[in-house]
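The values are calculated or read from the model by the stated rules, or taken from the named source; none is laboratory data. Since the model is a prediction, treat every value here as computed from it, not as a measurement. For neighbour counting, all protein chains shown are included, and Cβ atoms are generated from backbone atoms with ideal geometry for every residue, glycine included.
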Amino acid sequence: MVDNLYEDGYEGKVKLFGIGKTQHESSLSNWTNGNNTSVCMDQSPENIVWNDWEANQRDLFILDHLGNLISQSNISGGLPNDLQSTLIELMNQIPDNQIPGDMNSDGGINILDIVLISNLIFVNEFDETGDVNSDGILNILDIVLLINVIIGR
């Protein structure tokens, strides 16, 4: 489905990732083989992320471009029939006049944008909005430019 969305011009507007528990790290390949899904590991036995989100195994969370929770459902029985149309509707709500570096599309540049870009850098992912200097790479240079914007340089 993600490949279809990319082919339809939505590349860069949808991010899929998994959050697994470290206690199950050895069995992640059963759902990551054949795709480029990023997986973050929640430290077991604390599982802070899972607990904060009240997540269960195979839960699907859909957030909009501002990070608001749109839907939470368990997909043990399969993906929702309207998943692709829901994602397209949400992606069409993303403003075209994106401010470079405004990662959460809140209309300004602040420390949250720096945190979001840093997170992408740590997992070696690219997002055109975060590429402030338009060099095709997310790195510390983009963060420095945003810091300069915040402090008024």
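Confirm whether SER105 is at pLDDT 90 or above, of a type outside the set (A, V, I, L, M) and out of contact with any helix residue (DSSP H, G or I) (no Cβ under 7 Å at 6 or more places or on another chain).
Working: at pLDDT 90 or above: no; of a type outside the set (A, V, I, L, M): yes; out of contact with any helix residue (DSSP H, G or I) (no Cβ under 7 Å at 6 or more places or on another chain): yes.
Taking the combined requirement at face value, the residue does not satisfy it.
May I ask you to list the residues in region 96-138 that are in contact (Cβ under 8 Å) with a residue 24 or more places away in the chain, of a type in the set (Val, Ile, Thr) and assigned to a helix (DSSP H, G or I)?
Residues satisfying the conditions are ILE111, ILE114, ILE117, THR129.
Looking at THR86, is it within 15 Å of LYS13 (Cβ to Cβ), among the β-branched types (Val, Ile, Thr) and not assigned by TED's automatic domain parsing to the domain that holds GLU7?
No: the conditions fail for THR86.
Would you mention how many residues in region 39-74 are in a loop (DSSP other than H, G, I, E, B), within 14 Å of ILE19 (Cβ to Cβ) and of a type outside the set (S, T, N, Q)? Lay out the reasoning, then the answer.
Of all residues in region 39-74, those in a loop (DSSP other than H, G, I, E, B) come to 43-47, 54-58, 64-68.
Filter once more, keeping what is within 14 Å of ILE19 (Cβ to Cβ): 43-44, 46-47, 54-58.
Filter once more, keeping what is of a type outside the set (S, T, N, Q): 46, 54-55, 58.
Summing the residues that are in a loop (DSSP other than H, G, I, E, B), within 14 Å of ILE19 (Cβ to Cβ) and of a type outside the set (S, T, N, Q) in region 39-74 gives 4.
How about region 1-14: which of its residues are surrounded by fewer than 16 Cβ atoms within 10 Å (Cβ to Cβ) and in a helix (DSSP H, G or I)?
Those that are surrounded by fewer than 16 Cβ atoms within 10 Å (Cβ to Cβ) and in a helix (DSSP H, G or I): ASP3, ASN4, TYR6, GLU7, ASP8, GLY9.
Looking only at residues that are free of Cβ contacts under 8 Å to residues at least 60 places away in the same chain and touching a Phe, Trp or Tyr at 6+ places or on another chain (Cβ under 6 Å) in region 38-80, which one is surrounded by the fewest Cβ atoms within 10 Å (Cβ to Cβ)?
GLN72
Please go through region 110-153 and pick out each residue that is small (Gly, Ala, Ser) and surrounded by 13 or more Cβ atoms within 10 Å (Cβ to Cβ). Let's see the steps before the verdict.
First, pick out the residues of region 110-153 that are small (Gly, Ala, Ser): 118, 130, 134, 136, 152.
Listed by number, the residues that qualify are SER118, GLY130.
Please go through region 15-36 and pick out each residue that is at pLDDT 80 or above and part of a strand (DSSP E or B).
ILE19, GLY20, LYS21
Quick one: would you say GLU11 is among the acidic types (Asp, Glu) and closer than 30 Å to ASN148 by Cα? Break it down stepwise before answering.
Values: among the acidic types (Asp, Glu): yes; closer than 30 Å to ASN148 by Cα: yes.
Taking the combined requirement at face value, the residue satisfies it.
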